[in-house]
Each structure stands twice: as structure tokens, then as C-alpha cells.
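Read through the structure below, which is laid out as C-alpha cells, and then see the notes.
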Amino acid sequence: MNKTTASWPGIVFLAITASAAADAPSTEQIRATVDANRDAAIGLYREFLGLPNDALKPADIERLVMWMERAFAARGFETRRIATDGSPSLYAQRLVPDARGTVLVYLQADGQPVD
């Protein structure tokens, strides 16, 4: 694999949830939570989208990975970088004691130049 194709900072995080079906929030609780957090979530997403993410510019990717490390840490995730031939990948996890299930999400965070 050449450096161009190996320079992506994939982000994989593993979240383990402890909530059981009997503990599921009501529709009203879900709506209230969404309403209370919508503006902050959209602001965070806009901040993320505003970061330069050209896969061929290592400095852009380093700033992106650093931003993601801080964002995950602020939400109780432990992070570690995984070395690649190019930019590092980021692994984040949050383990919950007595969890009844596991959620695994993959995100490709870098962009490919249009030229």
C-alpha cells in the first residue's frame, strides 16, 4: 500500500452501553434531550466540518486527529493512536461496567483532494 492510500486517519470507536430495554427513556424524554442539545451538537458538527482535512497534508490531519482526541476525551472516551504508513488512525473506547451490549462505529475523517 503506498503512502497516499495509507494516510487516512480512520476513527473507530467502541461504546459499550449498559442500558436495558426496561430502562429505555420515553419518547418525551428523548425529544426533550434532543431539544436541549440540538444547538450544541450542530455547533460541534460545524466545527468538525470546518477543520481542514486534506489527506495529502499531514499537518491538516494532525490537527484533525488532535481535535478528535479532545472531543472524545470530553465525552469520557479513552483514545489511542494507531500508527500506519501515513497518518495515524484513532481508536476511542468507553467501557461501561455490566454492559449488556456493544456498539461499534467507524468514521473516515479525512477528505480526498478534488484535483
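Values in this text are rule-based calculations from the coordinates and carry no lab data. Being a predicted model, the structure only gives us computed values, none of them experimental. Every residue, glycine as well, gets a Cβ built from its backbone with ideal geometry; the counts of neighbours run over all protein chains shown.
Quick notes on this one:
- Around Asp60: net Lys/Arg minus Asp/Glu count, Cβ-Cβ under 9 Å: -1
- Efficiency of FRET between Ile82 and Phe48 - r from beta-carbon atoms, R0 25 angstrom, step 0.05: 0.80
- The range 96-115 and the range 57-82 have Cα centres separated by 13 Å.
- Positive end of the dipole of the range 20-115 (Cβ unit charges, origin at the Cα centre): among Ser26, Val105, Ile61, the Cα lying farthest that way belongs to Ser26.
- Cβ-defined net charge surrounding Phe72, 10 Å radius [Lys, Arg +1; Asp, Glu -1]: +1
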